[in-house]
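The block underneath contains the structure these notes are about, expressed in structure tokens.
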Amino acid sequence: MPKRIFIDTSAFLALEDESDEHHEEAIRFRDQEILRDHYECSTTSYILDETLTLIRIRLSIQASIEFSKKIRRSQIVKILSVSKSEYVHSVNNVYRPNHVGKLT
């Protein structure tokens, strides 16, 4: 079974922003683990939206456009769409009163 990894905004930012404190580590992990071991990578459309916005704010609109192009033609990263019912279900379950303050 192939290794799988879910990529969040912080990982994308670390890869794209050379001034990010985790940039070198992210590059190394991508090159020495993800690419070498042929990981199945996934993210969501929500994370992609957040990432594009943060790249635009921290770097530039052009950097955001280039990242968007790169990620959409990627053969490595699969972008998952979250349906409205999945979103509502997760919000209703994660933000129940007995879970507040227990998020990691």
Quiz item: Restricting the search to segment 12-45, which residues are touching a residue at least 40 places away in the same chain (Cβ under 8 Å) and in a helix (DSSP H, G or I)?
Solution: 12, 13, 16, 34
Practice problem: Would you check if there is a residue in segment 19-35 being at pLDDT 95 or above and in contact with a Lys or Arg (Cβ under 8 Å, 6 or more places away or on another chain)? | Solution: no
Exercise. Specify which of the listed residues (74, 60) is under 16 Å from the mean Cα position of the chain (by Cα) and not acidic (Asp, Glu).
Key: 74
Practice problem: Answer with yes or no whether residue 56 is without any contact (Cβ under 8 Å) to a residue 24 or more places away in the chain and exposed (fewer than 15 other Cβ atoms within 10 Å of the Cβ). | Solution: no
Practice problem: Check residue 13 against each of (1) in contact with a His (Cβ under 8 Å, 6 or more places away or on another chain); (2) over 16 Å from residue 76 (Cα atoms) and name the one condition it does not meet. | Solution: (1)
Quiz item: For segment 1-11, what are the residues that are in contact (Cβ under 8 Å) with a residue 24 or more places away in the chain and not in a helix (DSSP H, G or I)?
Solution: 2, 3, 4, 5, 6, 7, 8
Exercise. Quickly run through segment 59-89 and pick out the residues that are part of a loop (DSSP other than H, G, I, E, B) and over 26 Å from residue 39 (Cβ atoms).
Key: 60
Quiz item: Within segment 34-49, restricting attention to residues that are among the acidic types (Asp, Glu) and closer than 13 Å to residue 76 by Cα, which residue is surrounded by the most Cβ atoms within 10 Å (Cβ to Cβ)?
Solution: 40
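The values are calculated or read from the model by the stated rules, or taken from the named source; none is laboratory data. Just so it is clear, the structure is predicted and the values come from calculations on it, not from any experiment. Here Cβ is always computed from backbone atoms with ideal geometry, including for glycine, and neighbour counts include all displayed protein chains.
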